[in-house]
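What follows is a single structure, written as structure tokens, with notes after it.
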Amino acid sequence: MGNALQIRVTAVTWNEDLLEKLWPKLTELAFSVPIKHEKHGVLEMVRALSDGLQFLPWSEARRKAMGPGIEEAARIKQALENALADWQPREANILSDKLEDVLDNLEKAFVA
């Protein structure tokens with residue numbers, strides 16, 4: 001790294017509108033969690049779902065149906081962020097695919 005130029009390895013949601021198309025129910029649930037939502041990306045959605053599971057009085061049916069998937073998504077998100085911090089973009093890419101698969105399954109398992 002130079003004095004003024006910083007190199008970063010990051011993961012970003014390139015089109016936040018895609019979340020509503022790919023995971024409409026999860027998106028609505030995640031962004032109804034009362035936390036500060038600066039962005040509406042995939043990683044932010046996973047954080048919001050995890051916070052909702054931990055802190056909100058969701059029904060037992062929702063917790064049972066979706067809790068394990070939300071916890072898995074949160075684990076993958078953390079592993080992805082760790083891979084990026086360790087400059088392992090290939091591993092982060094593999095984890096991003098896994099995360100999207102988990103979100104696909106959560107959308108199917110959604111309980112109101």
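The values are calculated or read from the model by the stated rules, or taken from the named source; none is laboratory data. Values in this document were obtained by computation on a predicted structure and should not be read as measured data. Methodologically, a virtual Cβ is constructed for each residue, glycine included, from the backbone with ideal geometry; neighbour enumeration extends over all protein chains shown. Accessible surface is based on the protein model in full, side chains and every heavy atom, while ligands, DNA and RNA are left aside. Shrake-Rupley method; radii C 1.70, N 1.55, O 1.52, S 1.80 Å.
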Residue among ALA4, ALA11, ALA48, ALA61 that alone is part of a helix (DSSP H, G or I) and open to solvent by 30 Å² or more (accessible area, probe 1.4 Å)
ALA61
Would you confirm whether any residue within the range 80-102 is within 15 Å of ALA30 (Cβ to Cβ), open to solvent by less than 60 Å² (accessible area, probe 1.4 Å), part of a loop (DSSP other than H, G, I, E, B) and not hydroxyl-bearing (Ser, Thr, Tyr)?
no
Pairs, please: C-beta under 6 Å, at least 6 apart or cross-chain, first residue closer than 20 Å to LEU43 by Cβ and in contact (Cβ under 8 Å) with a residue 24 or more places away in the chain and in the range 1-19, second open to solvent by 100 Å² or more (accessible area, probe 1.4 Å) and assigned to a loop (DSSP other than H, G, I, E, B)?
VAL9/TRP87
Matching residues in the range 46-84 - criterion: being under 17 Å from ALA112 (Cα atoms) and under 9 Å from the mean Cα position of the chain (by Cα):
ALA48, LEU49, SER50, ILE70
Has the range 29-37 got at least one residue that is within 13 Å of the chain's Cα centre (by Cα), part of a helix (DSSP H, G or I) and in contact (Cβ under 8 Å) with a residue 60 or more places away in the chain?
yes
When the range 33-45 is examined, which residues are found to be open to solvent by 50 Å² or more (accessible area, probe 1.4 Å) and modelled with pLDDT of 95 or more?
GLU44
